[in-house]
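Working notes, structure below.
The values are calculated or read from the model by the stated rules, or taken from the named source; none is laboratory data. Bear in mind that the values here come from a model prediction, so they are computed numbers and not experimental data. When we count neighbours, we look across all protein chains shown, and the Cβ atoms used for this are built from the backbone with ideal geometry, even at glycine.
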Amino acid sequence: MKIAITGKGGVGKTTLSSTLSCIFSQTYKVFAIDADPDMNLASSLGIHEQITPIAKMRDLIKDRTGAEPGSSFGEVFKMNPTISDLPETLAINYGPNDNLKLLVMGTVDKGGDGCVCPASVLLKALLRHMILKKDEIVILDMEAGIEHLGRKTAESVDMMIVVVEPGLKSLETAQRIKKLAGDIGIKNIQAVVNKVSSEEEEVFVREKLHELGIAFLGSIPRDSTVIKADMEGKPLNSYGTSASLQSIEKIAERILNLEG
Ligand SMILES: Nc1ncnc2c1ncn2[C@@H]1O[C@H](COP(=O)(O)OP(=O)(O)OP(=O)(O)O)[C@@H](O)[C@H]1O
Ligand SMILES: [Mg+2]
């Protein structure tokens, strides 16, 4: 199963991506991918070391396999189609059983350096050619907003989660995401409502989602544990039970039921 986490800036995509990755890694092999050039999935997982980005993958694969990537990047990944085949240098292992691998797409190295388009082309090819086994899950932490949908980075995902918060702005983004995702053939769009601090807020967002025809997957309360985890650079699940963790566990369960 491949899941992309999308939504407006700051709604909680990275928090949800890292926490779902930790939860799933208790029973599945998880491949967490930071597809945001302004990357912070590693930090949200409590990983503070340097990770080689996918943008440098061409040379690394060439080194390891001797293959010269031709006109199509897809050829490269046909040779390394499963998660376990991926060169260790590209993804770092994480967690007690090495059940979680983290890969980062890459960033803009220098101001004025242009676009991350080549890296996103690589990532798209990787996702398209990756053959997942039954016990493997890919979680993509996407860039805020809608530009990645124009580039079709996540076109081959099975489910796109759009994170919203109480308020019209993130819902407007969700509406655009739904439309653009549909255009590129992604039909399974599910909304997660984050930072909910009252029943009233939850009702408001759920009604709007209903009007927009976006399925509701679950909600996460506004929780100071999330802020604490962010301040200390540790994963949310390292703080024991919290309201936010419990609700993300429920969301994980629903994802498995939907895809089961
Ligand atoms: N449930 C929550 N309760 C309280 N604070 C939260 C909650 N979820 C996220 N936050 C806070 O909101 C901020 C943004 O969260 P996060 O980085 O996960 O969002 P994002 O959508 O990935 O942002 P970006 O668009 O910049 O990638 C962080 O400071 C985080 O601690
Ligand atoms: Mg983020």
- Within segment 220-233, is there a residue that is more than 16 Å from ligand 2 (Cβ to nearest atom), in contact (Cβ under 8 Å) with a residue 12 or more places away in the chain and small (Gly, Ala, Ser)? no
- Could you count how many residues in segment 218-228 are of a type outside the set (Ser, Thr, Tyr) and more than 7 Å from ligand 1 (Cβ to nearest atom)? 2
- Here are Val164, Val193: which of them is aliphatic (A, V, I, L, M) and in contact with a Phe, Trp or Tyr (Cβ under 9 Å, 6 or more places away or on another chain)? Val193
- Conditions (1) surrounded by fewer than 20 Cβ atoms within 10 Å (Cβ to Cβ); (2) closer than 30 Å to Pro118 by Cβ; number of the one not met by Ser238: (2)
- Scan segment 111-164 residue by residue and report those that are acidic (Asp, Glu) and closer than 21 Å to Ser43 by Cβ. Asp141, Glu143
- Query: Do you know which of the residues in segment 12-52 that are of a type in the set (Asp, Glu) and over 11 Å from the mean Cα position of the chain (by Cα) is surrounded by the fewest Cβ atoms within 10 Å (Cβ to Cβ)?
  - Reply: Glu49
- Query: For Leu149, are the conditions met, namely being closer than 29 Å to Ala119 by Cα and aliphatic (A, V, I, L, M)?
  - Reply: yes
- Query: Quick check, is Val196 touching a strand residue (DSSP E or B) at 6+ places or on another chain (Cβ under 9 Å) and either closer than 30 Å to Val116 by Cα or more than 16 Å from ligand 2 (Cβ to nearest atom) (or both)?
  - Reply: yes
- Item | Test: Lys169 is loosely packed, with under 14 Cβ neighbours inside 10 Å, within 14 Å of ligand 1 (Cβ to nearest atom), modelled with pLDDT of 95 or more and outside any loop (DSSP other than H, G, I, E, B) | yes
- Of residues in segment 25-46 being near ligand 1 (Cβ under 10 Å from one of its atoms) and not in a loop (DSSP other than H, G, I, E, B), the one farthest from Leu256 (Cα to Cα): Ser43
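Here is a yes/no grid of residues against (1) buried (at least 20 other Cβ atoms within 10 Å of the Cβ); (2) closer than 22 Å to Leu256 by Cα; (3) within 16 Å of ligand 1 (Cβ to nearest atom):
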{"residue": "Cys115", "(1), (2), (3)": "no, no, no"}
{"residue": "Ser120", "(1), (2), (3)": "yes, no, yes"}
{"residue": "His129", "(1), (2), (3)": "no, no, no"}
{"residue": "Met142", "(1), (2), (3)": "yes, yes, yes"}
{"residue": "Thr173", "(1), (2), (3)": "yes, no, yes"}
{"residue": "Ile189", "(1), (2), (3)": "yes, yes, no"}
{"residue": "Val205", "(1), (2), (3)": "yes, no, yes"}
{"residue": "Leu209", "(1), (2), (3)": "yes, yes, no"}
